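The values are calculated or read from the model by the stated rules, or taken from the named source; none is laboratory data. Treat the numbers as computed from the prediction; the structure is a model and nothing was measured. Methodologically, a virtual Cβ is constructed for each residue, glycine included, from the backbone with ideal geometry; neighbour enumeration extends over all protein chains shown. To get the accessible areas, we keep the full protein, side chains included, count just its heavy atoms, and leave off ligands, DNA and RNA. Shrake-Rupley method; radii C 1.70, N 1.55, O 1.52, S 1.80 Å.
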Amino acid sequence: MSSYAIIAEELRKSFNGFEAVRGVSFKVRYGEVYGFLGPNGAGKTTTLSMLTTMIKPSGGRGIVAGYDVVENPVEVRKRIGVVFQDPTVDRDLTAWQNMMIHASIYGIPRSDAEKRARELLEFVELDKFAHKPLRSYSGGMIRRFEIARALLAEPEVVFMDEPTIGLDPQARAKVWEVIQELKRQGVTVFLTTHYMDEADRLCDRIAVIDHGRIIAEGAPDELKSRVGGDTVYLRAIDSDSAKKLLALVSEYGEAKLAADNVTVVLVASNAPSKIPQIISSAERAGVKIVEARYNRPSLDDVFLLLTGRRLRDEEGDWRIWGRLVRSRLGR
Ligand SMILES: Nc1ncnc2c1ncn2[C@@H]1O[C@H](COP(=O)(O)OP(=O)(O)OP(=O)(O)O)[C@@H](O)[C@H]1O
Ligand SMILES: [Mg+2]
C-alpha cells in the first residue's frame, strides 16, 4: 500500500480552452486532514472532481488510495466517500431510506448497512431524526447526514467539498465537531473551503489555491508565520519606561511606540516564545511591563500577502482587517 492516501501530480483541467486547474501537485498522508483553501472559482471543486473520478483530468496524474483515478476509477470509487458541494439527497425520503439506497448502490449487505447506518446517524447526532424526511432537516442537519452517508462504505479517504457553506455559526460548529472526531479516529479527509477559520481549525496541512494553481502549502501555523510575524503589544507603566522598552525590543523585530505613548507595538515571528525573554530582559533593565498580549496573523493575511487580495471581501472581514491595521499602526 502506498504511504499516501492522495497523490496529485501536475493535475490539469481545461473547459473549452479555459484552464480551471493549471498543474497542481500535492500529497496527502493517511490520517491527515488536508485542506484546499481558495476563493470562488479557484479550481477547488474541479480538483476534487478529478480525484473522485467525476471528471477526467486534461493532464497530469491522480492516485487515490493507491489507484490511478483514470486507469482504475472503479477501485478508487470503492475506497472513497464524497460530500459534494451541492447537497445530493432525496428530500422526500428519510435519512434511513437515503442511507439504504446508498448502501445498495455500494453493494453493502443489508444487515451490515443497517448496523453501520445506526452507528453513523448516532455519530452525527441524527439518530432521533432517522425516520423523518430530509425535507424537515435544517441545512446543518443535511450536511451532517451527508457526512454520515459518505462514511457508510467505510472509505479510506473522505472528500468534502465546502462542508459548511451557507451554514450559520452554530451549525458550522457542529459539522466541525464531526470532522474533528473523524480526525481523532484517523480518517483521511480532503476538504475544500473558502473559510479561513475552518481551514485553520480543522486542517493539518493546507494548500492555498488561486486561479487554478497552488500558491502556498503547509501547516496553518507555518503559513501564518510567513506573514512576517505576530503583533505583540507591551504596555509599560509610563512613557519613560515605554521609550526604554522600545529600544530594548527593537532587536526582536520591527517596533514602534503606539499613540498612547505607553504601549510598544512589535511585529515579531513566533511571539509566544519571545514574550518571556522580553519580559525578563525588561525586568533586568528595570522596566516594568504591565500588560503583554499578541495577535497571530490569520490565513486571510497569508492570502493577502500572496495575492494582494482578500480571500473574502465581505464587509465583516474588511472590518476585522481595518481593526488589525489600525491596531498595528497604534491607532
Ligand atoms: N463544467 C465546467 N465548464 C466550464 N467551466 C467550468 C466548469 N466547471 C468549472 N468551471 C470553471 O472553472 C473554474 C474553477 O471552478 P471550480 O468550480 O473548480 O472552482 P471552486 O474553487 O470550486 O469555486 P467555488 O468556491 O465557487 O466552489 C471557474 O472559473 C469555473 O467557472
Ligand atoms: Mg467549488
Of the residues that make up the stretch 5-24, is at least one polar (S, T, N, Q) and more than 10 Å from ligand 1 (Cβ to nearest atom)? no
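Quick grid of which residues meet (1) closer than 29 Å to SER14 by Cβ; (2) open to solvent by 10 Å² or more (accessible area, probe 1.4 Å); (3) part of a helix (DSSP H, G or I):
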residue	(1), (2), (3)
ARG149	no, yes, yes
PHE159	yes, no, no
GLN180	no, yes, yes
GLY186	no, yes, no
ASP200	no, yes, yes
Take the conditions in contact with a Pro (Cβ under 9 Å, 6 or more places away or on another chain), small (Gly, Ala, Ser) and either modelled with pLDDT of 95 or more or open to solvent by 20 Å² or more (accessible area, probe 1.4 Å) (or both) and apply them to GLY81. Does it pass? yes
The lone condition ALA259 fails out of (1) assigned to a loop (DSSP other than H, G, I, E, B); (2) within 27 Å of GLY35 (Cα to Cα) is (2)
So, GLY286, is that one under 30 Å from ALA207 (Cβ atoms) and at pLDDT 50 or above or not? no
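May I ask you to verify whether THR192 is within 24 Å of ARG310 (Cβ to Cβ), of a type in the set (S, T, N, Q), touching a residue at least 24 places away in the same chain (Cβ under 8 Å) and assigned to a loop (DSSP other than H, G, I, E, B)? Please lay out each step first, then the result.
Numbers: within 24 Å of ARG310 (Cβ to Cβ): yes; of a type in the set (S, T, N, Q): yes; touching a residue at least 24 places away in the same chain (Cβ under 8 Å): yes; assigned to a loop (DSSP other than H, G, I, E, B): no.
No; evaluated as a whole, the condition is false for this residue.
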Given the conditions (1) modelled with pLDDT of 80 or more; (2) open to solvent by less than 40 Å² (accessible area, probe 1.4 Å); (3) under 28 Å from the mean Cα position of the chain (by Cα), which single one is not true for LEU306? (2)
With respect to the numbered conditions (1) within 20 Å of ALA5 (Cα to Cα); (2) away from ligand 1 (no atom under 16 Å from the Cβ), which one is the sole condition not fulfilled by LEU191? (2)
Could you say whether any residue in the stretch 167-176 is among the polar types (S, T, N, Q) and surrounded by fewer than 17 Cβ atoms within 10 Å (Cβ to Cβ)? yes
